[in-house]
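See structure below.
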């Protein structure tokens, strides 16, 4: 399931008092988090994703995403601790003149839709060894 929402970040929104919105997901895993920074943001709008007080993207607690005419995001495999699960999005702006509307994306999947990490590589490795024993 792909969730999407727009967030308008007012000019002069300070980092120590960001605006916050949330997205509620029903699925078991969050597999992608992203934000589209339209042209004009000039790397002045900053965004982070968190679950409760824990920042989940970008990974380091001191980092924020920013961009200009770019979809900034990344793949992850975050097991949601409950269902429904509320993911918070914080944003601030260093722009002293203009508000900016960004687009937030969250992809979430049910556990049966998520392949266990490494299972394909493991099966292919075993198949290779089997074929090697057969002389193929």
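Fewest to most neighbouring Cβ within 10 Å: what's the order for 26, 132?
In order of increasing Cβ crowding within 10 Å: 132, 26.
Remind me, relative contact order of the chain in percent, using alpha carbon pairs under 8 angstrom and six or more residues apart?
After rounding, I find 42 percent.
Quick one: Cα convex hull volume of the chain, Å³ per residue?
So the per-residue Cα hull volume is 129 Å³.
Would you please put 41-50, 102-111, 80-89, 13-22 in order of how densely packed they are, using the mean number of other Cβ atoms within 10 angstrom per residue and starting with the highest?
Ranked from most to least packed, the peptides come out as 41-50, 102-111, 80-89, 13-22.
Can you show me the helix-derived [θ] at 222 nm for the chain, built from DSSP H runs with n ≥ 4 at -39,500 (n - 2.57) apiece and divided by the number of residues, rounded to the nearest 500.
Result for the chain: -3500 deg cm²/dmol, rounded to the nearest 500.
When N counts the residues of the stretch 1-57, how does its alpha-carbon radius of gyration compare numerically with 2.2 N^0.38 Å, as a ratio?
1.24
On a 0 to 90 degree scale, rounded to 10, what angle separates helix 119-133 from the longest Cα axis of the chain?
20
Could you give the distance between the Cα centres of the stretch 45-103 and the stretch 13-32, to the whole Å?
Computed from Cα coordinates, the inter-centre distance equals 6 Å.
Computed from the coordinates by the stated procedures, all read-outs in this text should not be read as laboratory data. All values derive from a computational prediction rather than experimental measurement. Positions of Cβ are backbone-derived with ideal geometry, glycine not excepted, and every protein chain shown enters the neighbour counts.
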